[in-house]
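The structure appears right after this line, and notes come after that.
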Amino acid sequence: MNKHIKVFSGSQIFVNRLSQLLNEIEVPYLVKDNKEAGRVAGFGTLGNSIDVFIYESDLEKAQRTIDDFKHQIEADK
């Protein structure tokens, strides 16, 4: 069975950009928006509540893209 692993947590803007990058290298991903899920359920969440998951089997293919993306957003701070 192919397991999902979390590769990023952050704001909607960053998640959108990472999603675009993963699409470019044809790596399927799953976005889990905890903030929106909490709002719909009637309670809130704090912090960076949007997570990006990929299949564990795609990690090697996506690792450089993910690392470059994280490095870029850290440099922009």
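A few comments on the model shown:
- Of all residues in the stretch 40-76 being of a type outside the set (Ser, Thr, Tyr), under 17 Å from Gly10 (Cα atoms) and modelled with pLDDT under 70, the one that is farthest from the chain's Cα centre (by Cα): Gly44
- Within the stretch 8-23, tally of residues that are over 11 Å from Thr65 (Cα atoms) and in contact (Cβ under 8 Å) with a residue 40 or more places away in the chain: 5
- Here is the figure for the stretch 17-31: residues that are under 11 Å from the mean Cα position of the chain (by Cα), open to solvent by 70 Å² or more (accessible area, probe 1.4 Å) and over 16 Å from Ile5 (Cβ atoms) total 2.
The values are calculated or read from the model by the stated rules, or taken from the named source; none is laboratory data. Please read these numbers as outputs of a predicted model, since none were measured by experiment. We place every Cβ from the backbone using ideal geometry, glycine too, and count neighbours over all the protein chains shown. Just the protein is used for accessible areas: all its heavy atoms, side chains included, with ligands, DNA and RNA removed. Shrake-Rupley method; radii C 1.70, N 1.55, O 1.52, S 1.80 Å.
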